[in-house]
Amino acid sequence: MKRIVIWIFVACVLLLLFIGSELYVVSRSNPNSRIVSSFPWPIACSLRGCITSKDWALQRSYDTAFAQKTSKMIPSESSTLTTILRRHLISHANLQSSITPQDAVKYRTAILHTTDIATIRPLGMSSFDQYDTTIILPFLQQEALMKQNNIPDTEILYKNLAHQRPIFLLLFHYHWNTDRGEVE
């Protein structure tokens with residue numbers, strides 16, 4: 001009996017630590033803080049899965065590397081969140097024709113003529129597979145969905161997707177605007 005009480009106590013303490021850590025993470029707005037980027041804390045969820053703090057930190061590193069490479073301003077954290085939430089929406093959209101990783105490779109090599117890994121490393125990408133799945137594949141899915149539904153503009157596309165699939169943003173400092181399909 002005493003062992004059961006101890007196990008219940010330990011489980012409750014661990015649960016409280018986890019809940020406290022999650023509350024700490026969702027109350028922060030910095031994807032680069034150590035606790036936020038060291039563990040995949042859920043920061044936004046839909047019925048198709050969750051986006052984690054690691055996803056946010058990784059996208060933030062891509063945005064930073066791309067901005068430095070192109071001498072542009074680093075996008076805001078809400079813009080980075082918008083990017084990963086939109087990528088989540090597009091990857092779970094109902095496409096009539098499937099877009100495969102092989103399609104991404106064909107697009108990268110035949111259209112973009114990107115065959116040297118040195119061209120994508122400054123963008124924070126370590127492999128073509130990473131580049132294809134992070135950049136090219138969502139772009140091709142977006143274009144296919146726009147063509148399939150006769151949507152002329154990406155803003156209209158993401159507004160429609162945001163209305164079709166609810167997303168619950170768990171970060172206190174941000175709001176998912178379903179009317180615009182972006183984080184504010």
In terms of the alpha carbon gyration tensor, root eigenvalues a ≥ b ≥ c, rounded if a/c is under 1.5 and otherwise prolate when a/b exceeds b/c or oblate, the range 67-142 is oblate
On a straight-distance basis, which lysines could pair with K54 in a cross-link, Cα separation under 27 angstrom, same-chain partners fewer than 8 positions away excluded? K69, K72, K159
Sort the following peptides by mean Cβ neighbour count (other Cβ atoms within 10 Å, averaged over residues), highest first: 100-108, 75-83. 75-83, 100-108
Could you tally the net charge around E184, taking each other residue with its Cβ under 15 Å from the Cβ of E184, Lys/Arg +1 and Asp/Glu -1? -1
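Computed from the coordinates by the stated procedures, all read-outs in this text should not be read as laboratory data. Predicted, not measured: the structure shown is a model, and the values here were computed from it. FYI the Cβ positions are ideal-geometry reconstructions off the backbone, even for glycines, and counts take in every protein chain you see.
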